[in-house]
Amino acid sequence: MTTAHPVSLKTDGESGLAQHAARREAMAVLAGSDTGELAALLAAAGELPAHEELRKPESGLLMLRGRISGDGSPFNVGELTVARAAVKLASGEMGFGYVLGRDHEKARFVALCDALVQTDRFRPLIENGVIEPLRARQREARKLAAERTAATRVEFFTLVRGEDDK
Amino acid sequence: MYVAVKDGERAIENAHTLLAHERRGDPQVPGLSLAQISEQLALAVDRVMSEGSLYDRELAALAIKQARGDLIEAIFLLRAYRATLPRFGMSEPVDTGAMTVRRRISAAFKDLPGGQVLGPTFDYTHRLLDHMLAGDTAVAQPQSVPVQADAMPRVSDLLAADGLIEPSPQPDASKPVGDLTREPLSFPAERDLRLQNLARGDEGFLLALGYSTQRGYGRTHPFAGEIRLGEVDVEFFAEEVGFAVPLGRITMTECQMINQFHGSATQAPQFTRGYGLVFGHGERKAMTMALVDRALRARELGEEANAPAQDEEFVLSHSDNVQATGFVEHLKLPHYVDFQAELGLVRRMRADFEATADERLAIQEAAE
């Protein structure tokens, strides 16, 4: 899997870095999605190109690392279950799916989307039809959670002890 | 030594069928779904993930159900499951500074930048049983207020500016990160291995040890500098992809304990730190982990080390509840041959004792 391939050449240089950033952002949104919703959006996105399985979906473990005191040297905290898959489009683009949990279908969907966003032809379809609706929903959910958290913020100036009045 | 027990198979099979029947309980009562356990017994799930050392809510919920709520048994099940999967690699270290914070408090600074947010906490509840929960009544909608987009720097960063607190140990690329799941523990253990051990250690055991340091057995004068709970991004550098792939977000609890340190011949007095980081919402565990982490640094900081919590071999060898329960519970296995040998020995010793009774009596009389 680490051997050189034509697609990797496109990721060199500045445009390559920008593409990495865009793929990473898309992967984060896709990984955070609900499989059912992702499947429905993909199904509604229209005709998708032929692709082959580069790596059959499989489950495994990832050792999670933390840092001592949050920002120091690393240590192993514990493991996570991970599902992964890889696909290759007929046009050559390879897509990779890594998601927390053991959902093989989700890993495969993420891999397919990752491959598709690397093509000029399908990028708008996947971005507008799949990723953006998921992103919007996630943004909304996080905003609500943040607002509920903010309501539990302690405003210390309201806490005046009686004896301080004397 | 153990001996095979013949003809036990039928009894064992029937016992397991009976166990399954007992586990289900009264069939008139609806069966529990994994989603119910994961959603409504969320902290039990968090504890099983943390001490099972495997983050997977669904599997942890299944383990709790299978173990009939016996959390140590559930942790055992999760550890056993883990051994069936291949490891893809190590994550990038999580950045708790970038956590989407749902709770963040400090007992050291009242007005810390970013503020204190209580989040979902048992603190300040009256610990009175709420009989409303006996039913399934609707709960109030949480309040929402606009978010102030203040950064939440680590409390330690506030003290670091003046050199009042020790810096974090810096990464050393030449030193591989220790991993207990790959090589057995040996002593003295580096801090990375100690923290891994504590992260999966038994909460009750660590709680007692942390408590013992507060009561004077290896006093460390701790302050809860900061406790934060929330979601962090998990990333993995996958070679075939060529960049760090985001895999999703997990919930973690972090505790930065700040401790007094008088200084040594070579070091000016400054605050030192203990660190706790655990899967899920595990505040008590993160705090006790930080207390014990700091206690175990006694040798490194040139402190007198004579309390149990400062004895790394004692702490790290007994913190794992799967190992502990395995060794304690193995006493239930047939030890018939061992016991026969002991029985023979006790009989012989008693015979010797009786044979020499007159002799002892004579010695005693002579002494008087």
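Nothing in this text is a laboratory measurement; each read-out follows from the coordinates by a stated rule. Just so it is clear, the model here is predicted, and its values are computed rather than measured. No Cβ is skipped: glycine too gets one built from the backbone with ideal geometry, and neighbour counts run over all protein chains shown.
Just want to confirm a number: the relative contact order over chain B, from Cα pairs under 8 angstrom separated by 6+ residues, in percent.
Numbers: 487 pairs, mean separation 66.9, N = 368.
Dividing the mean separation by the residue count of chain B yields 18 percent.
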For residues of B:149-156, the mean tally of beta carbons on other chains within 10 Å: 1
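For the range B:215-270, which GluC sites (Glu not before Pro) are both in a DSSP coil and crowded by at most 10 other Cβ atoms within 10 Å? All intermediate terms of the calculation are to be shown ahead of the outcome.
Working: sites: B:E226, B:E231, B:E235, B:E239, B:E240, B:E254; in loops: B:E239, B:E240.
In loop regions of the range B:215-270 (DSSP not H, G, I, E or B), the sparsely surrounded GluC sites (Glu not before Pro) are B:E239.
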Sorted largest first, extent of chain B alpha carbons per principal axis (Å): 88, 68, 54
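Could I get the Rg over Rh figure for the range B:9-82? Both from C-alpha atoms, Rh via Kirkwood, rounded to two places. Don't jump to the answer; show the numbers that get you there.
Numbers: Rg = 13.1 Å, Rh = 12.8 Å.
Rg/Rh for the range B:9-82 comes to 1.02.
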Burial ordering of B:H335, A:H104, fewest other beta-carbon atoms within 10 Å first: B:H335, A:H104
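Could you give the size of the charge dipole of chain B about its Cα centre, using +1 on the Cβ of each K and R and -1 on the Cβ of each D and E, expressed in debye and rounded to the nearest 20? Mind showing how you got there, number by number?
Working: 37 positive and 54 negative charges, 128 e Å.
Roughly 620 debye for chain B.
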Residue-averaged beta-carbon neighbours from other chains (10 angstrom radius) around A:96-102: 6
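Count, for each residue of B:90-102, the Cβ atoms from other chains sitting within 10 Å of its Cβ, then give me the mean as a whole number.
On the way: counts 7, 11, 3, 13, 7, 4, 5, 3, 0, 1, 4, 2, 5.
Shielding by partners across B:90-102 averages 5.
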Euclidean distance between Cα centres, the range B:38-109 to the range A:49-128, Å: 22
Phi-based couplings in Hz for the range B:247-258 (Karplus 6.51, -1.76, 1.60; Gly and Pro marked x): 9, x, 10, 10, 8, 9, 10, 10, 10, 9, 8, 10
Computed over the range B:112-242: relative contact order in percent, which uses C-alpha pairs under 8 Å that are six or more apart: 20
Measure of compaction for chain A (Cα Rg per 2.2 N^0.38 Å): 1.39
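What is the sum of charges, Lys and Arg at +1 and Asp and Glu at -1, for the other residues whose Cβ falls under 13 Å from the Cβ of B:A83?
On the way: positive: B:R79, B:R82, B:R87, B:R182; negative: A:E79.
Summing Lys and Arg as +1 and Asp and Glu as -1 gives +3.
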For B:E92, distant residues with modelled amide H under 5 Å away: B:E235, B:F236, B:F237
Using θ = phi - 60° and Karplus 6.51 cos²θ - 1.76 cosθ + 1.60, couplings along the range A:84-91 (whole Hz; Gly, Pro as x): 9, 7, 9, 10, 9, 6, 4, 7
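Can you tell me, using C-alpha contacts under 8 Å and at least 6 residues apart, the relative contact order of the range A:9-137 as a whole percent?
It comes to 24 percent, rounded to a whole number.
What number do you get for the protein assembly as shown when its Cα radius of gyration is normalised by 2.2 N^0.38 Å, N = residues? Intermediate results must be reported in sequence, preceding the final value.
Values: Rg = 28.3 Å, N = 534, 2.2 N^0.38 = 23.9 Å.
For the protein assembly as shown, the normalised Cα radius of gyration is 1.18.
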Kirkwood-based Rg to Rh ratio, the range B:1-151, C-alpha trace: 1.08
In the range B:185-281, the trypsin sites (Lys or Arg not before Pro) that fall in loop regions by DSSP, at most 16 other Cβ within 10 Å: B:R215, B:R219
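Relative to the Cα centre, what is the charge dipole magnitude of the range A:16-166, using +1 at the beta carbon of each Lys and Arg, -1 at the beta carbon of each Asp and Glu, and rounding to the nearest 20 debye?
On the way: 22 positive and 22 negative charges, 45 e Å.
Computed about the Cα centre, the dipole is about 220 debye.
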Beta bridge orientation in the range B:121-278: antiparallel %, DSSP, nearest 5: 95
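About the Cα centre of the range B:183-250, how large is the charge dipole given +1 on each Lys and Arg Cβ and -1 on each Asp and Glu Cβ? Please answer in debye to the nearest 20. All intermediate terms of the calculation are to be shown ahead of the outcome.
On the way: 7 positive and 11 negative charges, 126 e Å.
About 600 debye.
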Taking B:D311, B:D202 and counting other C-beta atoms within 10 Å, the order from fewest to most: B:D311, B:D202
Alpha carbon convex hull of the range B:220-352, volume per residue in cubic angstrom: 248
Value of [θ]222 nm, deg cm²/dmol, for the protein assembly as shown, DSSP H segments ≥ 4, -39500 (n - 2.57) each, nearest 500: -12000 deg cm²/dmol
Per-residue Cβ neighbour rank within 10 angstrom, fewest leading, B:T325, B:T17, B:T266: B:T266, B:T17, B:T325
Span-like helix ranges in chain B, DSSP H, alpha carbon extent 20 angstrom or more, Kyte mean at least 0.0: none
Amide proton proximity set for B:Y55, modelled H, under 5 Å, gap of 5+: A:E79, A:L80, A:T81
